[in-house]
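The values are calculated or read from the model by the stated rules, or taken from the named source; none is laboratory data. The shown structure was predicted, so the numbers you read here are calculated from the model rather than taken from an experiment. Here the Cβ positions follow ideal geometry from the backbone for every residue, glycine too, while neighbour counts run over all protein chains shown. What goes into the accessible areas is simple: the full protein's heavy atoms, side chains included, and nothing from ligands, DNA or RNA. Shrake-Rupley method; radii C 1.70, N 1.55, O 1.52, S 1.80 Å.
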Amino acid sequence: MNHGSVFAQGHRPSGSARASPAVRWAGTEAVLLDCGGLEDVARWHAHLSAHPFPGQTDVLAAAATVLVSFASARAARAAADAVGDVHPASSTQSQGRTVEIPVVYDGEDLAEVARLTGMSEQGVVHTHTGTAWTAAFGGFAPGFAYLAAHGNPLDVPRRDTPRTAVPAGSVALAGTFSAVYPRRSPGGWQLIGHTDAVLWDEDREPPALIRPGDTVRYRAVRELVTVADDATGSVAAPMPAGCHALAVEHPGMQTLVQDLGRPGLSDLGVVASGAADRPSAAQANRLVGNPEHGAVLEVVLGGLSITARGHHALALTGAPAAATITDPSGENARSAPFCAPFALYDGQRLTVAAPSSGLRSYLAVRGGVDVPEVLGSRSTDVMSGIGPGPLAAGDDLPVGPAPRRAVGLPELPVTRIPEADEVVPLRISAGPRDDWFTDDSLTALTGRTWRVSTDTNRVGVRFEDPSDGQRLERSRPEELASEGVATGSLQVPHSGVPVLFLADHPVTGGYPVIAVVTPEDLPLAAQLAPGATVRFVPSDDYIPSHDTPSGDTA
């Protein structure tokens, strides 16, 4: 692993010329452009949104960086090599709309903000309403926008102790930014008021009230319509009943509808989501003749029981789980095959047991699970609440029309499922912030094993505290400005124990990422059950975490 930190910081040289941003690798399929400040972030984000690199799948602006994601490592490498030859024009502040937000200035922290700024409470309100705020970037949650203002007129620290629940519609300040909380969520920002503006509405086009580039004007009012305090995010509509469906008798520990996700929406605070073990989900679809992007059921640790309404062809893949088919009378039980298509006739019940190893099994039905799409996908995002809710007893899952393709032949599993007692190797690439850690910590990351904790879900794999007490320590004391994070990132909070981000991770984070698991090993990571043991191994195709572009400045 390269532990050095010799790269340009993306500062602007004297005169009118601008340096190209430093390139920090965020795994093998994404790069973090270290622009140094919001002005250059806006330039690069606007340019790459309008003129994407070949193979670019997403671009996400943050406080000082732009995360650019690609469909392949080859496309990412070609783009990284070309950064020095790209010269974005200066961004304009009028690229978006003007959005007015009515606010009642009654926040719990208004007096504290006045004290911190040396203003009166009325002075804080006058400054907040008299400022034109620009939506610099999104993140944290769908509809959440970080609003910046010229001259940073209100610069206050976060609260020492974050609140466990901030009501939806809260108007807040932190650092130099202002924002409105779209939904009830934890948060450490200073609350100065509340609004009834709906920041996120999936039935609206676009669903986000504020998008990057928009100008926001706050308007002080005396009262508002009561704000709906959304504690759970989107509320899924009941599953429609139908004669060609799968009836849920028991959902198991957690069963979710998943397809291959909704990429390209990170600017709205929406992660791609989708099946955690994508190859296994695609294999289940292939076996029943569906397109690989069709919606399947992701079953965590078994326990699912469904009854057929009409005749169906199904396939079970992923974590190897025994499955039993019984007739309506409860007799004539037989085993369903694994990684092979099988029939489930009208009235028959399928019961999926806990897997012998691994965590997530995938059940596909010919025609696909035909629930309504949200933002172009049927996936359930457990962090943001977007998509259908977890399955519940009594749900009827509609099944789409059968495709023209024939069902497939039996196959071997596409994802290797780790045995309970093995040490699972996960390959990693360094960075993008490995230079924020001590050499001892970088050695400890790959030199010891990590045990998966019970506090693990689709957001991320969490690990137990090291038995030897050796946590990952930073070499830099300052806080990291929020920046985009890729799936597979090993983010290290103050506890010193890394978190491995999976499909439903937040699009931005404020803790440094020490390394990123290679895309090829993410399906294996998604199958890590609590108690599994992991060792991180530098990948053979290791890419240094930071490059300096060689192109001329504009």
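Ranked from largest, the principal axis spans of the Cα set of region 129-190 equal 31, 25, 18 Å. Rolling a 1.4 Å probe over the protein heavy atoms gives the chain an accessible area of 41 Å² per residue. May I ask you to derive the relative contact order of region 241-293, considering only C-alpha pairs under 8 Å and at least 6 residues apart, and to give it as an integer percent? Dividing the mean separation by the residue count of region 241-293 yields 23 percent. Once backbone amide H atoms are built at 1.01 Å from N, Val537 has Leu426, Arg427, Ile428 as its partners under 5 Å, excluding neighbours fewer than 5 places away on the same chain.
With the cut-off at 1.5 for a/c, could you classify region 271-311 from its C-alpha gyration tensor as rounded, prolate or oblate? Because a/c hits 1.5 or more and a/b fails to exceed b/c, region 271-311 counts as oblate.
Using the Cα coordinates of region 88-214, the gyration tensor eigenvalues translate into equivalent-ellipsoid semi-axes of 23, 18, 13 Å, sorted from longest to shortest. For a test of the definition: using alpha carbon positions, the gyration tensor, and the 1.5 limit on a/c, classify region 309-374 as rounded, prolate or oblate. Oblate is the answer for region 309-374, as a/c is 1.5 or above yet b/c matches or exceeds a/b. The 3J(HN,Hα) values that the Karplus relation (6.51, -1.76, 1.60; θ = phi - 60°) gives for region 179-190 are, in residue order, 6, 10, 6, x, 8, 5, 6, x, x, x, 6, 7 Hz. Gly and Pro appear as x.
Ranking Glu121, Glu100, Glu29 from most to least accessible surface, computed with a 1.4 Å probe over the protein chains only, gives Glu100, Glu121, Glu29. Summing +1 for each Lys or Arg and -1 for each Asp or Glu among the other residues whose beta-carbon sits under 15 angstrom from that of Val399 gives -2. Annotation: amide H-H contacts under 5 Å for Ala529 (H modelled 1.01 Å from N, sequence separation of 5 or more, or interchain): Gly358. Charges were assigned to the Cβ only: +1 to each Lys and Arg, -1 to each Asp and Glu. The resulting dipole of region 268-338 about its Cα centre is roughly 100 debye. Under the criterion of Cα pairs below 8 Å and six or more residues apart, the relative contact order for region 397-510 equals 22 percent. Each of Ala149, Ala26, Ala46 was scored by the projection of its Cα onto the charge dipole of the chain, and the greatest displacement toward the positive side belongs to Ala46; charges sit on the C-beta of Lys, Arg, Asp and Glu. Of the trypsin sites (Lys or Arg not before Pro) found in region 403-494, those that fall in a DSSP loop while having at most 14 other beta-carbon atoms within 10 Å are Arg404, Arg405, Arg416, Arg448. Under 5 Å between amide hydrogens, built in the peptide plane, is the criterion, and for Val221 it picks out Val103, Val104, Tyr105 among residues at least 5 positions away or on other chains.
Over the chain, the hull volume per residue, using the convex hull of the C-alpha atoms, is 157 Å³.
Counting residues in region 345-460 as N, plug N into 2.2 N^0.38 Å and put the Cα Rg over that result.
It is 1.52.
Using a probe radius of 1.4 angstrom, the carbon and sulfur fraction of the accessible surface of the chain is 52%.
At a threshold of 8 angstrom on Cα-Cα distance, excluding pairs fewer than six apart, so keeping six or more, what relative contact order does the chain reach in percent? Relative contact order, the chain: 17 percent. Dividing the summed helix terms, -39500 (n - 2.57) for each DSSP H run of n ≥ 4, by the number of residues in the chain produces a 222 nm estimate of -3500 deg cm²/dmol to the nearest 500. If you wrap the Cα atoms of region 413-548 in a convex hull and average its projected area over all directions, you get 8.5 nm². Remark on region 280-336: hydrodynamic radius 12.8 angstrom, per the Kirkwood mean of 1/r across alpha carbon pairs. Each 5 Å bin from 0 upward holds the following percent of the Cα-Cα pairs of region 409-452: 5, 14, 20, 17, 14, 11, 9, 4, 3, 2, 0.
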